[in-house]
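Notes for the one structure printed next.
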Amino acid sequence: MLAEPLTAAPELDRILADRAIRSVYQPIVGLDAPGTVGFEALARGPEGSSLERPDHLFAAARELGRTTSKRASSSPPASCAPS
């Protein structure tokens, strides 16, 4: 369950200040060739927090007006392709 915006604010502020948004990578597989062709980078909040799930994390950020500058600076861009 998503925390109410007022209770989510301190947690979201801490996550952003600590740069605690983490990336996880979902393999992308080709239908015409076996194996992984790349990876999709996905954002997650800290494990065990009420904002671990991306829908909760981004909903809280949107409701609290912290989606533009904070989101862009929360972590370096992620991109990855197999070598």
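Computed from the coordinates by the stated procedures, all read-outs in this text should not be read as laboratory data. The shown structure was predicted, so the numbers you read here are calculated from the model rather than taken from an experiment. Note that each Cβ is placed from the backbone with ideal geometry, even for glycine, and that neighbours are counted across all protein chains shown.
Could you list, in sequence order, the residues of the range 20-44 that are farther than 18 Å from PRO54 by Cβ and either without any contact (Cβ under 8 Å) to a residue 24 or more places away in the chain or of a type in the set (Lys, Arg) (or both)?
Quick first cut of the range 20-44, residues farther than 18 Å from PRO54 by Cβ only: 29-38.
If the condition is that a residue be farther than 18 Å from PRO54 by Cβ and either without any contact (Cβ under 8 Å) to a residue 24 or more places away in the chain or of a type in the set (Lys, Arg) (or both), then VAL29, GLY30, LEU31, ASP32, ALA33, PRO34 are the ones that fit.
Summed over the range 9-26, residues that are surrounded by fewer than 12 Cβ atoms within 10 Å (Cβ to Cβ) and touching a strand residue (DSSP E or B) at 6+ places or on another chain (Cβ under 9 Å) total 1.
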